[in-house]
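*Asks:* Encoded as structure tokens, here's the structure I'll be asking about.
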Amino acid sequence: MIVEIKLPEISENVDSGDVVKVLVSTGDTVAVDQPLIELETEKAVFEVPSTAAGVVSEIRANVGDTIKVGDVIARIDTEAARGATKAAPSAEKKPVTAPEKKAAQERAPGPPQPAASGEGENEDNAESLREAVVAVAQEQGAAVPASPTVRRLARELGIEIHRVRGSGAGGRITSDDVHAFAKSIIAGARSGAAPAGAPVSGTRALPDFSRFGAFERTPMSKVRQITAQSMAAAWHAVPHVTQHDEADITALEAARKRYAPRVEAEGGKLTMTSILVKVCASALRRFPDFNASVDVAKSEIIHKQYVNIGIAVDTDRGLLVPVIRDADRKNMTLLSVEVNELAEKARNKHIMPDQLEGGCFTISNLGGIGGVGFTPIVYWPEVAILGVSRASMKPVYDGADFEPRLILPLSLSYDHRLIDGAAAARFLRWVCEAIENPILLSLEG
Ligand code: CAO
């Protein structure tokens, strides 16, 4: 029997992706869950597995194609499948199962959406509001509606997509819009005038490096391109300030070591990161302005009633930020299991786009590598991010003597449009005190 393998539902608001790699050839024997292609969407790069075992009789997806949910990727002859079995689960190739994905979707309240028209507003108002929202989002470098193909075209032309005005429905940017924008830049350059919305520093013409020495050019990976876009956009949209503080984790570290085997028996790893997820989830409940987004177009603040925490994970493809849903409702063992699992999936390309969205606040722990402090970039549309550096022994004066104490440096970057310095200092102090006195989590968290 010939089975058609179609592109399954990816996540909310993502209905297509670009084929980055084709991982099988016609005539190959494939097993269930074996990756067929690598797909890039606006959110992530991930592998799409086969749902049938057999021999590949046809491949419909080619590198560079944009395919939609429901499009046929390959045809598998299941009858010719002698010896093709279910892929053996391994740490390297642990698949994301459909029930896992469904459970994640059911748990997930979904990502924060661009503001839509309020109830009761007439259609004209709704349309102008939508236009205003798109315009502001574009000015701020926020996520803008455009297909991966159009984004790629903009990248190839060295144009920052959020600078382009979309003429399509709901402000969607078309390839004609990108071409028109490119022409306006060329016309502006010829006349010596900078066109409105001309690209900023990142896209300025580079010098001729060969004047200074030898060099080579290598293509940016997809994850690197996405990171470059979202970091530059956040940098332009959010006025950043970073607050630094220190927590004494001497007692916590002893407790972590004591209880680590218990958590390990449940499949988790009790680390500073998973402990901080618990502490920050409680802090977000106590300080709701840190669990918010700014809607500039409506002059409104969106306070979220759910607490989803993103974890920055260093992978060989670059930075990925998987999200732990409802972190405030999970105990530390569960959180430790989930941090471990999501970090593994991110590293092994098994993370799905919907596991990378919907975050309220992000934790970036560089302490396993080193460093005494850094200024993380707020992960827009969130309003704050906690940077964690390496804990080290320091002499702390207790009023009589210097005591050796294990001190953890913490750096909180925040969106100063919404959060003032005093509020940030209070938030971070509370986090430090909760780390030093975990009873605060029960009393106030
Ligand atoms: N201070 C001192 N030691 C620390 C520490 C800290 N802040 N954080 C972790 N460590 C130690 C751990 O205790 C562990 O030591 P042992 O092996 O002796 O137990 C070791 O460092 C490695 O920790 P880990 O990486 O296994 O676990 P983690 O939960 O601490 O980190 C994760 C998980 C996903 C956050 C981490 O692997 C990672 O990817 N970090 C990089 C994040 C990043 O790139 N941020 C930058 C974003 S902006 O570009």
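*Asks:* For the stretch 207-217, state whether one or more residues are within 15 Å of the ligand (Cβ to nearest atom) and modelled with pLDDT under 95.
*Replies:* Checked against the condition, which is being within 15 Å of the ligand (Cβ to nearest atom) and modelled with pLDDT under 95, the stretch 207-217 yields no hits at all.
*Asks:* Of the conditions (1) buried (at least 19 other Cβ atoms within 10 Å of the Cβ); (2) out of contact with any strand residue (DSSP E or B) (no Cβ under 7 Å at 6 or more places or on another chain), M1 satisfies every one except a single condition; which number is it?
*Replies:* In the conditions (1) buried (at least 19 other Cβ atoms within 10 Å of the Cβ); (2) out of contact with any strand residue (DSSP E or B) (no Cβ under 7 Å at 6 or more places or on another chain), M1 misses (1) alone.
*Asks:* Name the residue, out of L342, L335, that is free of Cβ contacts under 8 Å to residues at least 40 places away in the same chain and either of a type in the set (A, V, I, L, M, F, W, C) or closer than 27 Å to P35 by Cβ (or both).
*Replies:* Criteria check complete, one pass: L342.
*Asks:* What is the one condition in (1) in contact with an Asp or Glu (Cβ under 6 Å, 6 or more places away or on another chain); (2) within 13 Å of the ligand (Cβ to nearest atom) that A260 does not satisfy?
*Replies:* All conditions pass for A260, except number (1).
For every residue, the table says whether it meets (1) hydroxyl-bearing (S, T, Y); (2) within 20 Å of the chain's Cα centre (by Cα); (3) closer than 20 Å to N365 by Cα.
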site: R262; (1), (2), (3): no, no, no
site: S282; (1), (2), (3): yes, no, yes
site: E300; (1), (2), (3): no, no, no
site: G310; (1), (2), (3): no, yes, yes
site: D314; (1), (2), (3): no, yes, yes
site: E338; (1), (2), (3): no, yes, yes
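*Asks:* Show the residue pairs meeting these rules: Cβ distance below 6 Å; 6+ apart or different chains; first residue within the stretch 301-318 and assigned to a loop (DSSP other than H, G, I, E, B); second residue small (G, A, S).
*Replies:* V307/A281; V307/A327; N308/G358; N308/G359; A312/S364; R317/S221
*Asks:* On the given criteria, is L408 within 16 Å of the ligand (Cβ to nearest atom), farther than 30 Å from E9 by Cα, assigned by TED's automatic domain parsing to the domain that holds D289 and outside any helix (DSSP H, G or I)?
*Replies:* Yes; evaluated as a whole, the condition is true for this residue.
*Asks:* Now a separate question. Report the residue count in the stretch 379-392 for those that are buried (at least 24 other Cβ atoms within 10 Å of the Cβ) and within 12 Å of the ligand (Cβ to nearest atom).
*Replies:* Number satisfying all stated conditions: 4.
*Asks:* Can you find a residue that is closer than 21 Å to V263 by Cα, away from the ligand (no atom under 15 Å from the Cβ) and of a type outside the set (F, W, Y) anywhere in the stretch 281-295?
*Replies:* yes
*Asks:* Let me ask something else about it. Kindly indicate the residue of the stretch 358-378 that is in a loop (DSSP other than H, G, I, E, B) and within 16 Å of L428 (Cα to Cα) and also nearest to the ligand (Cβ to nearest atom) among those meeting that condition.
*Replies:* Per the stated criteria, the residue is P376.
*Asks:* For the stretch 222-253, name all the residues that are loosely packed, with under 14 Cβ neighbours inside 10 Å and within 13 Å of the ligand (Cβ to nearest atom).
*Replies:* R224
*Asks:* Restricting the stretch 319-330 to residues that are away from the ligand (no atom under 16 Å from the Cβ) and in a loop (DSSP other than H, G, I, E, B), which is farthest from E47 (Cα to Cα)?
*Replies:* D326
*Asks:* I want to confirm something. Restricting to the stretch 296-317 and keeping residues that are farther than 20 Å from I351 by Cβ and among the aliphatic types (A, V, I, L, M), which single residue is farthest from the ligand (Cβ to nearest atom)?
*Replies:* So, considering only residues that are farther than 20 Å from I351 by Cβ and among the aliphatic types (A, V, I, L, M), the one farthest from the ligand (Cβ to nearest atom) is A297.
*Asks:* Would you mind finding the one in S293, S282 that is modelled with pLDDT of 95 or more and either in a helix (DSSP H, G or I) or outside the structural domain of G359 (by TED's automatic domain parsing) (or both)?
*Replies:* S282
*Asks:* What's the total number of residues in the stretch 331-344 that are in contact with a helix residue (DSSP H, G or I) (Cβ under 7 Å, 6 or more places away or on another chain) and either at pLDDT below 95 or more than 11 Å from the ligand (Cβ to nearest atom) (or both)?
*Replies:* Qualifying residue count for the region: 2.
*Asks:* Search the stretch 11-30 for residues that are farther than 30 Å from V323 by Cβ and pair each with any residue that is buried (at least 19 other Cβ atoms within 10 Å of the Cβ) and of a type in the set (D, E) when their beta-carbon atoms are under 8 Å apart and the residues are at least 6 apart or on different chains.
*Replies:* Pairs that qualify, where the first residue is farther than 30 Å from V323 by Cβ and the partner is buried (at least 19 other Cβ atoms within 10 Å of the Cβ) and of a type in the set (D, E): there are none.
The values are calculated or read from the model by the stated rules, or taken from the named source; none is laboratory data. Only a predicted model underlies this, so the values are computations on that prediction, with no experimental measurement involved. Neighbour counts are summed over all protein chains in view; Cβ atoms, including those assigned to glycine, are modelled from backbone coordinates with ideal geometry.
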